[in-house]
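Undergrad: Please find one structure pasted underneath; my questions will follow.
The values are calculated or read from the model by the stated rules, or taken from the named source; none is laboratory data. Note that this is a predicted model, so its numbers are computed, not measured. Reconstructed Cβ throughout: ideal geometry from the backbone, glycine too, with neighbour counts over all protein chains shown. Protein only, heavy atoms only, side chains kept; ligands, DNA and RNA dropped before computing areas. Shrake-Rupley method; radii C 1.70, N 1.55, O 1.52, S 1.80 Å.
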Amino acid sequence: MQEPHKYKAYSLSNFRSLPQMAALPEEIKFDIEVVGRVLPFKANNFVVDQLIDWERAPDDPMFVLTFPQRDMLLPHHYEEMAALLKRGADSEEIKAAATRIRLQLNPHPAGQTSHNIPTLEGEYLDGMQHKYRETVLFFPSQGQTCHAYCSFCFRWPQFVGQTELKFASREVDRLIAYLEANPQVTDVLFTGGDPLIMSTRHLAQYIDPLLDAKLPNLRHIRIGTKALSYWPYRFLRDDDADDMLALFRRVGERGRHLAFMAHFNHPRELAPQAVREAIARIRETGAVIRTQSPLLRHINDDPTLWADMWNRQVDLGCIPYYMFVARNTGAQHYFGVPLVRAWEIFREAYQRVSGLCRTVRGPSMSANPGKVQILGTSEAMGEKVLQLRFIQGRNPDWVHRPFFAKYDERATWLNELKPAFGEKQFFYENELEQFYRENIEAVHDEDYE
Ligand SMILES: *Cc1c(COP(=O)(O)O)cnc(C)c1O
Ligand code: SF4
């Protein structure tokens, strides 16, 4: 057997060589080839050997999370691509079809391309987003891929080689200049892709200058990552694992908090010994691990599973942070859970765990106006309603004001909800429209809610 900590990548070109694939029917493998042309697909030996339960494949949730599934494409998209592969179309034709289909899948939800890119002295700062007052997102150019791809991922345009859709910046100097000009920002969130795909040397080239710059308002450096779940050897056996942990420790020694935002989708991801050891080593550096997860049909739409996941996280010293609603992009028709059902799952899971797990907030939609939490259903003024509130808002003044939508059992996203009590619009909509008007480029993607 190969050594488990030696990285081996699987993609469309070699997944059939996996011994575990032999037992699966040919249709399943063909589906992977069809759907994998449109939605990005990449796995590694840790995910394949230690996270997927092959006895339960193809229904196993970790299998579904890793390998593209037929129903992730709409039937007409699937048929179009399947027909091309069956008649042996050339790669140019296949690529053109893939691009056409992708553009129909709302590749930039929540106005990511244009609304949130900050400016400094009139220049657009690509590779950054600034939406909520306290926190700037930073997309280091070398961190725009992942150890394996989650099949639901809304970052998928970044992985499929459409470079003009990428967010990237290697310019930490501009980040520092922006932070100097914007003292309201306390948090820098490194995100991607996965910033921990980078070598420690590269990551340090971003983080050390931030620590060295005299930024009295910078308090928290966050790293959003899936590496803990998909490649825990990043913190154990990789050549520069110890250097990475030393970098984490440096952040704390320089008086800043390192917030490790770990992404988990299923309690099984917390079981491998390597993951547990990695968690222990990260915590020893003084970093705090917070966890976040999207709610996904076919993967984790079950309250027992969430209660189990939060409990295991707290057992290991991690802090449950967010439950997200699946975004309106890519294969949302496959993964989406209606908002009412999402709230029921959240509530049933929350009821089963002690207060130590109840640091988690959700279910939350990262929509254009902000992070909107579904607080529940109730009756008011003779009408059945959904109660909502902003956890984060483009305007901080919107945060934590309860507001109401007409009850709708089928809605899966904010743009499908209508205001309750016969009102014409939600309380924030005038201001939001004004914001769009002031951001010229927003005209191009008005449909993004
Ligand atoms: C979620 C999010 C943040 C961070 O929000 P917190 O509630 O502080 O964790 C920052 N920027 C964007 C665009 C986000 O979606
Ligand atoms: S790790 Fe995150 S960014 Fe990477 S594929 Fe999964 S959800 Fe997307």
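Undergrad: List the relative contact order of the stretch 109-445 as a percent without decimals, with contacts defined as Cα pairs under 8 Å and 6+ residues apart.
TA: 13
Undergrad: A follow-up question, please. Run the accessible area of the stretch 253-356 with a 1.4 Å probe and give the carbon-and-sulfur part as a rounded percent.
TA: 46
Undergrad: Expressed in whole Å with the largest first, what are the equivalent ellipsoid semi-axes of the stretch 9-102 derived from the C-alpha gyration tensor as the square root of 5 times each eigenvalue? Walk me through the numbers on the way to the answer.
TA: Working: eigenvalues 115, 33, 29 Å².
After diagonalising the Cα gyration tensor, the semi-axes are 24, 13, 12 Å.
Undergrad: At what distance in angstrom do the alpha carbon centres of the stretch 342-392 and the stretch 254-281 lie from each other?
TA: One Cα centre to the other: 25 Å.
Undergrad: For the chain, what does the equivalent ellipsoid look like in terms of its semi-axes, each the square root of 5 times an eigenvalue of the Cα gyration tensor, given largest first in whole Å?
TA: 31, 29, 24
Undergrad: Mind checking the per residue accessible area of the chain for me, 1.4 Å probe, whole number of Å²?
TA: 43
Undergrad: Bins of 5 Å, beginning at zero and ending with the bin holding the largest distance: percent of Cα pairs per bin for the stretch 301-340, please.
TA: Percent of pairs per bin, in order: 6, 20, 21, 20, 16, 13, 5.
Undergrad: Sort 337-347, 21-31 for me by packing, meaning the mean count of neighbouring Cβ atoms within 10 Å per residue, highest on top.
TA: Ranked from most to least packed, the peptides come out as 337-347, 21-31.
Undergrad: On to the next question. Among Y428, Y233, Y206, which one shows the biggest mean-square fluctuation in a GNM of the chain, springs joining Cα atoms closer than 10 Å?
TA: Between Y428, Y233, Y206, it is Y428 that shows the largest mean-square fluctuation.
Undergrad: How big is D, in µm² s⁻¹, for the stretch 313-449 by Stokes-Einstein at 20 °C and 1.002 mPa s if Rh is the Kirkwood radius over C-alpha pairs?
TA: Numbers: Rh = 16.2 Å.
Result for D is 133 µm²/s.
Undergrad: Another question, if that's okay. Using every Cα-Cα pair within the stretch 184-331, state what percent have a distance larger than 20 Å.
TA: It works out to 48 percent of all Cα pairs.
Undergrad: Now for a separate question. Around F264, under 10 Å between beta carbons, what's the net of Lys plus Arg minus Asp minus Glu among the other residues? Intermediate values should be presented prior to the final figure.
TA: On the way: positive: K226, R268, R312; negative: E269.
So the surrounding residues net to +2.
Undergrad: Still on this structure, I have one more. Under 13 Å from the Cβ of R87, count the other residues' Cβ atoms, weight Lys and Arg +1, Asp and Glu -1, and hand me the total. Could the numbers behind the result be given before it?
TA: Numbers: positive: K86; negative: E79, E80, D90, E93.
Computed value for this residue: -3.
Undergrad: Also, quick follow-up: Once you've got the GNM for the chain with C-alpha springs shorter than 10 Å, pick whichever of Q69, Q434, Q205 has the biggest mean-square fluctuation.
TA: Of Q69, Q434, Q205, the most mobile in the Gaussian network model is Q434.
Undergrad: Ignoring everything but the protein chains, give the 1.4 Å probe accessible area of R100 in square angstrom, nearest 10.
TA: 120
Undergrad: So, one more: Select from S13, S229, S366 the residue whose mean-square fluctuation is largest in a Gaussian network model of the chain (Cα-Cα springs shorter than 10 Å).
TA: Of S13, S229, S366, the Gaussian network model singles out S13 as fluctuating most.
Undergrad: Filter K6/K226; K131/K424; K384/K424 down to the pairs with a C-alpha to C-alpha distance above 20 Å, please.
TA: Checking Cα-Cα distances, K131/K424 exceed 20 Å.
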